[in-house]
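Visitor: A single structure is presented below for examination.
The values are calculated or read from the model by the stated rules, or taken from the named source; none is laboratory data. The shown structure was predicted, so the numbers you read here are calculated from the model rather than taken from an experiment. Ideal geometry is used to build each Cβ from the backbone, glycine not excepted, and the neighbour counts take in all protein chains shown.
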Amino acid sequence: MTKMKTSLVASALAMSFALAFPAHADAGKTAGVQEAPLRAHLAFLASDLLEGRGTGQRGGDLTVAYLETQAMALGLKPGNGNSFRQSVMIAGVKTQPADSTLKLAAGGKALDIAFGKDWVFAPGDATASHSFNADLVFVGYGITAPDEQWNDYKGTDLKGKILVMMVNDPQPTAEQPNRFNGKGLTYYGRWTYKFEEAKRQGAAGVLLIHTTPSASYGWSVIQNSWSGVERFQLAAGTLGTQLQGWMTEDTARSLFTAAGQDLDALRAAAEKKDFKPVPLAAKLNGDMRAAVRKVEQFNVAAVVPGTDAKLKDEVVIYSAHWDHLGKQGDSGDTIFNGAVDNASGSAALLAMAQQAKLAPAKRSQMFLWVAAEEQGLLGSAAYAAAPLWPLAKTAANLNLDSLNFVGATRDIGTQGSERTELGKLAETAAKAMGMKIAEAEPDLAGGYFRSDHFNFAKNGVPAFSIESGSDYIKDPAGAKAKAQAYGKRYHQASDEYDASWDLSGMVQTAQYALNLGRLIANGAKLPEWKAGDAFAVPRNK
């Protein structure tokens, strides 16, 4: 827990306000992103006073108020009419297994399985009570992908069914080494897509089969996210199926065997295009109960208007999520401060906005702090569903999440930029700073689909997250060790601010994002997607 004394908090606040108005600022010149305000914002956002910036918690409300007042102090324009806030209505859902009577049955008898240990479930439609007497159907990967000429459903009527499916996507073969992006994961392989497609098919629910290789994480991650904790989902718009859940591989194997099926044989069949849904001689029976509450959270949006009479109607959006995991548990360190994830990105946006205000670009620039990223990219999804700026006039989204707290690097991560014309601009911005683009690696875990930029991308806006480099300038071995050690603090109470951090790399990343954004904001035209990309939407000419 960060033991930040009142005097230190006051100093951080005073510094951030003072630096918002440099004594002799020249509107035509800027010295670039400054470390002092970035550090001050980071220290405060990661302090115990903000209680881990939890969704639906007091610390989240305080965070929104801080970001809003800092945007005012910088002289930024409200992004939502006269307000800096955009309402995001969220449903908090906590399964009550003791009050639920759900059973999986096959071969005339219920499976002996326990919630948390063997399977997990929750309502996907923010409804507290559901009753089921539904047949189970195995649908392979559960994918409909016209761009891959793939359809696991083959027109089968699945209304009211419980769909059992695998995560990840069809694997490459010797004949088709690049199908579904080869070794890299596509969005079709993400569990979020599986739930969305099941809803489109009219299913009553989904049970995903977990394996560590296919999910890229162990069953404990599922347990920690679904068992005994409140999960959040958007409370308005297109809701999910009645039931969403996972089962262990052992549970799936027992279920398929009891239903007279061979799980491995069906998996092998699902790797082929001619696969068709397989009804299982199995049912989901009983009642599911959950505690449901509705909470209002807020995105915070602030704008630096453009200078060009025509181009100012278009915008570049810089984003970062302000939330973390908040307060959890009853003993020990209960505050998950989230210093790196993502007080760093939120602080960087404030420091960037300070400089953008001093030297506006031709297009407008929006600084957008989104809510509830840790709950499934909910704030950015809400923004994309009701954008404050037309998406057709949004040039790009550059997202910042978990920035470099170790030291300056010779490279910068721009994975995903190559899908659009942003890739070339990213190279230009890096070269101007004496940097290079970090070598891309296969996206095995689907990282491109797990940050807030993705909600812009899937709605046609060129977007990616700018990531830390790894070619450290000072003490490369020691710096890499520090960066790798963060893995043990990720999503733990130990992700705390350290005043000894070398923030030169964080400043460098923030400056790079601002420089790239200015290239886009001053460009002759809006960036386009590469032809044939799954998210390509032609620009209005």
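Visitor: Of the conditions (1) over 26 Å from Pro305 (Cβ atoms); (2) at pLDDT below 95, Ala31 satisfies every one except a single condition; which number is it?
Guide: In the conditions (1) over 26 Å from Pro305 (Cβ atoms); (2) at pLDDT below 95, Ala31 misses (1) alone.
Visitor: Give region 233-262 a look and list any residue that's under 26 Å from Ser220 (Cβ atoms) and either touching a helix residue (DSSP H, G or I) at 6+ places or on another chain (Cβ under 7 Å) or at pLDDT below 95 (or both), or say none.
Guide: Across region 233-262, the qualifying residues are Gln233, Gly240, Thr241, Gln244, Trp246, Thr248, Ala252, Arg253, Phe256.
Visitor: Restricting attention to region 394-426, which residues are in a helix (DSSP H, G or I) and surrounded by 24 or more Cβ atoms within 10 Å (Cβ to Cβ)?
Guide: Ser417, Leu422, Ala426
Visitor: Being crowded, with 24+ Cβ neighbours inside 10 Å and more than 17 Å from the chain's Cα centre (by Cα) narrows it down to one residue among Val315, Val300, Val370; which is it?
Guide: Val315
Visitor: Separate question: Return the total of residues in region 500-531 being within 30 Å of Arg179 (Cβ to Cβ) and in contact (Cβ under 8 Å) with a residue 60 or more places away in the chain.
Guide: Number of matching residues: 4.
Visitor: Continuing with the same structure: Quick check on my filter: what residues within region 218-230 are in contact (Cβ under 8 Å) with a residue 12 or more places away in the chain and not in a helix (DSSP H, G or I)?
Guide: Correct list: Ser227, Gly228, Val229, Glu230.
Visitor: So which residues in region 482-519 are hydrophobic (A, V, I, L, M, F, W, C) and either assigned to a loop (DSSP other than H, G, I, E, B) or more than 23 Å from the chain's Cα centre (by Cα) (or both)?
Guide: Within region 482-519, Ala493, Ala499, Trp501, Leu503, Leu519 meet the criteria.
Visitor: If you take the residues in region 376-393 that are assigned to a helix (DSSP H, G or I) and out of contact with any helix residue (DSSP H, G or I) (no Cβ under 8 Å at 6 or more places or on another chain), which one is farthest from Ala91 (Cα to Cα)?
Guide: This residue is Ala392.
Visitor: Of the numbered conditions (1) modelled with pLDDT of 95 or more; (2) within 18 Å of Ala320 (Cβ to Cβ), Ser468 satisfies every one except a single condition; which is it?
Guide: (1)
Visitor: Restricting to region 232-269, what's the tally of residues that are among the polar types (S, T, N, Q) and over 32 Å from the mean Cα position of the chain (by Cα)?
Guide: 3
Visitor: Give the number of residues within region 451-479 that are assigned to a loop (DSSP other than H, G, I, E, B) and crowded, with 18+ Cβ neighbours inside 10 Å.
Guide: Result for region 451-479: 8.
Visitor: Do you know which residues across region 427-449 are crowded, with 21+ Cβ neighbours inside 10 Å and either of a type in the set (Lys, Arg) or closer than 14 Å to Ser468 by Cα (or both)?
Guide: Ala430
Visitor: Pick out the one residue from Gln354, Gln375, Gln365 that is of a type outside the set (D, E, K, R), surrounded by fewer than 24 Cβ atoms within 10 Å (Cβ to Cβ) and touching a residue at least 12 places away in the same chain (Cβ under 8 Å).
Guide: Only one candidate qualifies: Gln375.
Visitor: Among the candidates Ala282, Ala265, Ala302, single out the residue that is at pLDDT 95 or above, of a type in the set (Gly, Ala, Ser) and part of a helix (DSSP H, G or I).
Guide: Going through Ala282, Ala265, Ala302 in turn, the sole match is Ala265.
Visitor: Please specify each residue of region 166-184 satisfying the condition of being in contact with an Asp or Glu (Cβ under 8 Å, 6 or more places away or on another chain) and surrounded by 24 or more Cβ atoms within 10 Å (Cβ to Cβ).
Guide: Pro170 - this is the single residue of region 166-184 that is in contact with an Asp or Glu (Cβ under 8 Å, 6 or more places away or on another chain) and surrounded by 24 or more Cβ atoms within 10 Å (Cβ to Cβ).
Visitor: Then there's this: Need the failing condition index for Gly523 against (1) closer than 24 Å to Ala440 by Cα; (2) part of a loop (DSSP other than H, G, I, E, B); (3) at pLDDT 95 or above, just the number.
Guide: (1)
Visitor: Taking only region 51-72 into account, find how many residues are more than 21 Å from the chain's Cα centre (by Cα), over 11 Å from Val300 (Cβ atoms) and either buried (at least 24 other Cβ atoms within 10 Å of the Cβ) or at pLDDT below 95 (or both).
Guide: 0
Visitor: Can you tell me which residue within region 444-465, out of those that are modelled with pLDDT of 95 or more and of a type in the set (S, T, N, Q), is farthest from Ala521 (Cα to Cα)?
Guide: Asn455
Visitor: I'm told Val164 meets every condition in (1) touching a Phe, Trp or Tyr at 6+ places or on another chain (Cβ under 7 Å); (2) closer than 27 Å to Lys294 by Cβ except one. Can you identify the failing condition by its number?
Guide: Val164 satisfies every listed condition except (2).
Visitor: State the number of residues belonging to region 172-215 that are small (Gly, Ala, Ser) and either part of a strand (DSSP E or B) or closer than 19 Å to Glu148 by Cα (or both).
Guide: Number of matching residues: 6.
Visitor: When region 443-481 is examined, which residues are found to be in contact with a His (Cβ under 9 Å, 6 or more places away or on another chain) and not β-branched (Val, Ile, Thr)?
Guide: Correct list: Ser451, Asp452, Ala463, Phe464, Ser465.
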